[in-house]
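First the structure, in the form of structure tokens, and then the observations on it.
The values are calculated or read from the model by the stated rules, or taken from the named source; none is laboratory data. Since the structure is predicted, the reported quantities are computational estimates derived from the model, not experimental observations. So basically every Cβ, Gly included, is an ideal-geometry build from the backbone, and we count neighbours across all protein chains shown. All accessible areas refer to the heavy atoms of the entire protein, side chains included, with ligands and DNA or RNA removed. Shrake-Rupley method; radii C 1.70, N 1.55, O 1.52, S 1.80 Å.
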Amino acid sequence: MFRDLIRYSQRLIGLMLLAPMAAGAVSAQTYQIVNSKTSAVTNNLTRTVSAVQVGGNPLNRFFMHRVKKNAPAQELRGAILLLPPLASGFQNYEVGEDNNYDNSFAAYFANRNFDVWGYSQRAQGLVAGSCESGSVDCSPMADWGMQTIVDDVAFIRQQIGLIHPGRKPVVGGLSLGSMAAVAVINAAPDDYAGALLIEGTLYDADPQVRVINQNFCNQFDALLAQGVFFDGQQFPGFKQVAQLATVAPNDPSPLPGFPPGFTNHQVFVAILSTPQVTPTSPRPDYFLAAGDALQGRFFFINDSLIRANIGQFVDYVALRTVRDVNCGLAGDRAFTNNLHNFKGEAYVVAGGHGFGSGMLDTADLMTSARVTINFVEPFGHVDHYFATSHRRTLEKPILSWLKHVVK
């Protein structure tokens, strides 16, 4: 019965590629903060969002975020720099239970006097359809790979250094945010006190995983050579599924390929909990969150919280970034060849049905670091982050770790 369901979920979650467009050129660029806005997000916290322009093309810009407690500077602990998942920006860390900012991941640490910084990729703010229609020249996306993220994050690290001279921040994040953190500490191992790696890596020693990802790597290399460099369908489609599960959870799903009578909410659970292998789920027996589609429930996560988070997804992904992830998992060591020189501390979070043993393989590369591992075998890719018990299973253990890492 689930053959069509699995095929459909793979088709939806897998990258849906678009028509070729002209590629841009790589060049050294200057970074400039072009505007900043500070606002109160709670009674105790303020958020500053800064737009950073890179070079002259208006599309080459990203957002730098800072969330901090209203307290004297000397009371603030050091900085945490959070990098976003592929599907989101810094807003991933700002969505709280019951739409309460104080319940968010970012606020949890800011309220405990950590200076929380963040990065939103250059695709942030691009509206679905704008690239395809030609209303926006999206050709710069051809060059947006992992190195782009590393370079952008290096600029944010400089800004943190101006506020906290002589103090090293922690860098990390969820999914692509974890992968990017690996690449960042690989490029500048002496610049960070710690790495917070939640379910995302660029290295895996498993031969089967390498074969799977080499195939994806080859496919992306061919597509990029043809001028195909972005996907604008996957995340808008995912948002639509989550929206239907929110506004009409018990209505029959209009999506094809599912058993008759499947509701919008059952479809949502099925897509997140069905094992699949795609460029963005590149391991056998990988799923996003453990659940049962027939029962229409997840086993570990807060259903409404993950739907609220998906509602904040971006509309575009640069295929060069996904290519770099797949090629890294296939054995390319461009972004992991220097991890042995990282002498800080690492907190590694892994689910047995997410990036699993690949997270442990990455930890093994950090031979000069002190590594703490939080591994839960039944968990999928986001079960830790969205767990109904996430305070106990994720934030509190991270807090204990941070207290002796961030000085």
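Classify segment 152-235: rounded, prolate or oblate, from the alpha-carbon gyration tensor (a ≥ b ≥ c, eigenvalue square roots; a/c under 1.5 rounded; otherwise prolate if a/b is larger than b/c)? Here segment 152-235 falls in the prolate category.
Protein heavy-atom accessible surface, 1.4 Å probe, per residue over the chain: 38 Å².
Across segment 324-336, rounded Karplus estimates of 3J(HN,Hα) from the backbone phi angles (6.51 cos²θ - 1.76 cosθ + 1.60, θ = phi - 60°) give 5, 5, 4, 5, x, 5, 7, x, 5, 9, 4, 10, 9 Hz, Gly and Pro being marked x.
For the chain, taking a cut-off of 4.7 Å between Cβ atoms, no cysteine is left unpaired. If contacts are Cα pairs under 8 angstrom and at least 6 residues apart, what is the relative contact order of the chain in percent? Computed over the chain, the figure is 20 percent.
Within the straight-line cut-off of under 27 Å between alpha carbons, the lysines reachable from residue 69 are 37, 168, 396, 403, 407, sequence neighbours fewer than 8 places apart in one chain being disregarded. Here the accessible area of segment 246-347 is 51 percent carbon and sulfur, with a 1.4 angstrom probe and all protein chains present. In the context of the full protein assembly, residue 167 retains an accessible surface of approximately 80 Å², using a probe radius of 1.4 Å and ignoring ligands and nucleic acids. Counting only DSSP beta bridges whose two residues both lie in segment 52-178, roughly 45 percent are antiparallel.
Sequence-distant contacts, meaning Cα pairs under 8 Å at least 6 residues apart, place the relative contact order of segment 43-156 at 28 percent. With just the Cα atoms defining each centre, how far is segment 116-165 from segment 291-358? Give it in Å. Their Cα centres are 19 Å away from one another. Between the labelled values [x] 145; [y] 133; [z] 216, the entry that holds volume of the Cα convex hull per residue in Å³ as derived from this structure is [y]. Rolling a 1.4 angstrom probe over segment 44-175 with all protein chains present gives an accessible area of which 48% lies on carbon and sulfur atoms.
Would you work out if segment 320-383 is rounded, prolate or oblate? Take a ≥ b ≥ c from the square roots of the eigenvalues of the alpha-carbon gyration tensor; rounded if a/c is under 1.5, else prolate when a/b is larger than b/c, oblate otherwise. Oblate is the answer for segment 320-383, as a/c is 1.5 or above yet b/c matches or exceeds a/b.
Within the assembled protein chains, the solvent-accessible surface assigned to residue 97 is about 50 Å², based on a 1.4 Å probe.
Rolling a 1.4 Å probe across all protein chains gives residue 286 an accessible area of roughly 10 Å².
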